[in-house]
Amino acid sequence: EAGVAQSPRYKIIEKRQSVAFWCNPISGHATLYWYQQILGQGPKLLIQFQNNGVVDDSQLPKDRFSAERLKGVDSTLKIQPAKLEDSAVYLCASSLGLGLIDTQYFGPGTRLTVL
Amino acid sequence: AQSVTQLGSHVSVSEGALVLLRCNYSSSVPPYLFWYVQYPNQGLQLLLKYTTGATLVKGINGFEAEFKKSETSFHLTKPSAHMSDAAEYFCAVSGVGSGNTGKLIFGQGTTLQVKP
């Protein structure tokens, strides 16, 4: 079974530029998550989708971050414009359902460096 | 609001020694509890989880954790460390306090170093 795929793996941009990350979840998984992991910290949820609807985006900085999940499969996360503090690893995860005990499967992440 | 505290950002053990990684949570309602492991340049992988029932949970790679409600703890142990256990370990919770959405709230992580 293929895992969660993410691209690119690494990205370096200058502040005020824009960047986009792509995620392909495990086939059949209804729920998709984007987490931000700043160096030395645990992952923090940015946005959660169930199929193509948003379940939780309470911690998404909506003035600069946006995300979509068209057709309930792939998802993209965009930052525009980027700030220095956006340097982090962006992790995508998926789970079969929306249950509190559903296992979340994580992709390898995209490491973003903002200069 | 729920929170997770992992005591010790770095733990160093000798190969063959006991591994003990500490995790405490704050929640008015017992949450669901998880331990994930992250190897360098890889995503997080589930080690084990506690939902209901037996409080001692066995996971992959010889790890286990015990849910202690009275201590609000979920410490991770392994009797004998192996070099391949060197990684970062995250404790996480989900539950009522996270809005019933399955959202995971993570601790800050503990880096495990295994010395030969």
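Bear in mind that the values in this text are calculations on the coordinates, not laboratory data. The structure presented is a predicted model; accordingly, all values stated were derived computationally and were not measured. Here Cβ is always computed from backbone atoms with ideal geometry, including for glycine, and neighbour counts include all displayed protein chains.
Just to confirm my numbers, what's the Cα centroid distance between segment A:12-80 and segment B:19-53 in Å?
Taking the Cα centre of segment B:19-53 as reference, the centre of segment A:12-80 is 22 Å away.
Which of A:R16, A:R64, A:R111 has the fewest other C-beta atoms within 10 Å, and how do the rest follow up to the most?
By the 10 Å Cβ count, ascending, the order reads A:R16, A:R64, A:R111.
Could you name the lysines whose alpha carbon sits less than 21 Å from that of B:K78, not counting residues in the same chain fewer than 8 places away?
Excluding near neighbours in sequence, the set is B:K49, B:K58, B:K68, B:K69, B:K115.
Across the residues of A:84-93, average count of Cβ atoms on other protein chains within 10 Å?
Taking the mean over all residues of the peptide, I get 1.
What net charge is computed for the residues neighbouring A:A20, neighbours being all others with C-beta under 10 Å from the C-beta of A:A20, Lys and Arg scored +1, Asp and Glu -1?
Summing Lys and Arg as +1 and Asp and Glu as -1 gives +2.
Which cross-chain or sequence-distant (5 or more) residues have an amide H under 5 Å from the amide H of A:L98, H modelled 1.01 Å from N in plane?
none
How compact and how long is chain A, expressed as Rg and Dmax of its alpha-carbon atoms in Å?
In Å, with Rg to one decimal and Dmax whole: 13.3, 39.
Provide a whole-number value for the mean count of partner chain Cβ atoms within 10 Å of the Cβ atoms in peptide B:44-55.
Averaged over the peptide's residues, the number is 2.
Which links in A:K44/A:K83; A:K15/A:K62; A:K78/B:K103 stretch past 24 Å when you go from one Cα to the other? Could you put the intermediate results ahead of the total?
On the way: A:K44/A:K83 18 Å; A:K15/A:K62 17 Å; A:K78/B:K103 21 Å.
Those over the limit do not exist; all pairs fall within it.
Convert each backbone phi in segment B:54-64 into a coupling constant with the Karplus relation 6.51 cos²θ - 1.76 cosθ + 1.60 (shift: θ = phi - 60°), then list the ³J(HN,Hα) values in order as whole Hz, x for Gly and Pro.
Rounded to whole hertz, the list is 3, 7, 9, 10, 9, x, 7, 6, x, 7, 8.
I want the local charge near B:A65. Using Cβ-Cβ distances under 12 Å, sum +1 for each Lys or Arg and -1 for each Asp or Glu among the other residues.
+3
Among B:S12, A:S94, what is the fewest-to-most ranking by other Cβ atoms within 10 Å?
If I rank by nearby Cβ atoms, fewest first, I get B:S12, A:S94.
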